[in-house]
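Working notes for the structure below.
The values are calculated or read from the model by the stated rules, or taken from the named source; none is laboratory data. Quantities reported herein were computed from a predicted structural model and do not represent experimental measurements. Counting neighbours? That spans all protein chains shown, and the Cβs are built from the backbone with ideal geometry, glycine included. Only protein heavy atoms, including side chains, enter the accessible area calculation; ligands, DNA and RNA are left aside. Shrake-Rupley method; radii C 1.70, N 1.55, O 1.52, S 1.80 Å.
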Amino acid sequence: MDDVRAFIDATEAFFGALASVGWGALVLAIFFHVVKLALRVRAWQNILRVSHPGERVPYGGVFGAYIAGVGVNSIAPARAGDLVKLYLVKRRVPHSSYPTLTSTLVVETLFDFVVATGLFLYAIKLGLLPGVPDLPGLPAFDWSFVIEHPRLAAFLGSILLAGALIFVAWASRRVTAFREKVSRGFDILRDRNLFLTQVVSWQAASWVARVLSVFFFLRAFHVDATVETTAAVLIVQGLSTLLPFTPGGLGTQQAVLLFALSGAAARSTILAFSVGMQLVTVVVNVVLGFAAMAVMMRTLRWRGHVFAPAEGLATEPSGSPPATSEPTGSRSRSTLPR
């Protein structure tokens with residue numbers, strides 16, 4: 001496959017340039033990457049608090065679930081890590097439901113969508129991204145498959161969309177509490193000030209950390225770290241996982257970054273940077289993610305944990321008061337520390 005071949009070429013370039021890596025800048029890049037994740041977790045925790053009034057939503061449990069999901073997403077396609085996030089946080093918020101938790105993940109992406117759209121328009125204006133005629137020539141399976149087989153891609157997309165619509169229609173008719181559970185995940189949007197102060201503020205800070213991380217990755221691999229190159233990398237990171245056929249956009253990032261950063265550095269330098277940044281972030285995500293899973297499950301044998309009775313997995317630490325559940329039908333407005 002062309003995208004795998006592109007990744008292999010980039011890997012060879014990375015090991016060839018390994019001796020010249022700026023290790024100080026690389027450490028800073030990793031530091032800001034972890035800070036970015038920690039800030040995003042705080043935003044999600046605040047969404048969960050409002051969606052589950054009266055429930056204890058510990059930061060440590062939310063952090064572990066989120067990081068575990070990020071680690072799985074780094075090595076598995078189709079965003080399988082999101083299922084891990086939901087499963088683990090469900091064990092830390094025992095009176096929660098999967099429809100509610102899923103809708104909180106949707107809320108968690110709203111600000112990202114706005115920022116990514118702005119960056120995307122900026123990149124188009126500067127010509128940093130390949131046009132439609134250029135896509136078939138890129139060694140990127142995710143995009144070239146859609147361009148070369150538009151009818152098949154449209155057919156598969158239509159099946160997925162129809163399946164989602166049928167499921168929602170079935171659930172809304174047959175499961176009486178479905179709409180109520182889903183709407184709870186959007187509760188924080190009903191208070192604009194609360195959403196801005198408890199979600200947008202943390203996510204804006206996470207974007208600052210993300211920009212700094214990319215900036216120092218560029219510096220570590222001796223690529224000119226300008227506003228344009230930093231914006232191009234941020235856009236490519238998002239677009240490479242838009243069609244999640246490969247883990248972490250494997251190969252797609254390398255192919256598109258070669259186009260976006262052409263002129264900023266030599267081809268071998270861009271390849272070394274692209275695979276170096278992806279390899280380092282994947283290693284950090286996987287190490288942190290599986291460490292979080294081991295701590296939360298108290299075992300690396302996840303199969304036994306998944307199929308174990310749920311009652312024994314959601315117990316609070318000794319001495320902690322039990323979580324209280326809200327009576328059915330009563331929903332009071334939740335407030336968070338300002």
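Highlighted here are the helices (runs of 4 or more DSSP H) found entirely within the stretch 73-133 that include at least 2 residues which are at negative phi, free of Cβ contacts under 8 Å to residues at least 24 places away in the same chain and open to solvent by less than 40 Å² (accessible area, probe 1.4 Å): 81-92. If you go through the stretch 188-211 and pick out every residue that is under 20 Å from the mean Cα position of the chain (by Cα) and open to solvent by 60 Å² or more (accessible area, probe 1.4 Å), you end up with 2. Only a single criterion out of (1) open to solvent by 30 Å² or more (accessible area, probe 1.4 Å); (2) modelled with pLDDT under 85; (3) not aromatic (Phe, Trp, Tyr) is not satisfied by residue 282, namely (2).
Based on what the data block shows, is residue 61 closer than 24 Å to residue 236 by Cβ, part of a helix (DSSP H, G or I) and either open to solvent by less than 20 Å² (accessible area, probe 1.4 Å) or out of contact with any strand residue (DSSP E or B) (no Cβ under 9 Å at 6 or more places or on another chain) (or both)? No. Annotation note: of 230, 197, the sole residue that is without any contact (Cβ under 8 Å) to a residue 24 or more places away in the chain and part of a helix (DSSP H, G or I) is 230.
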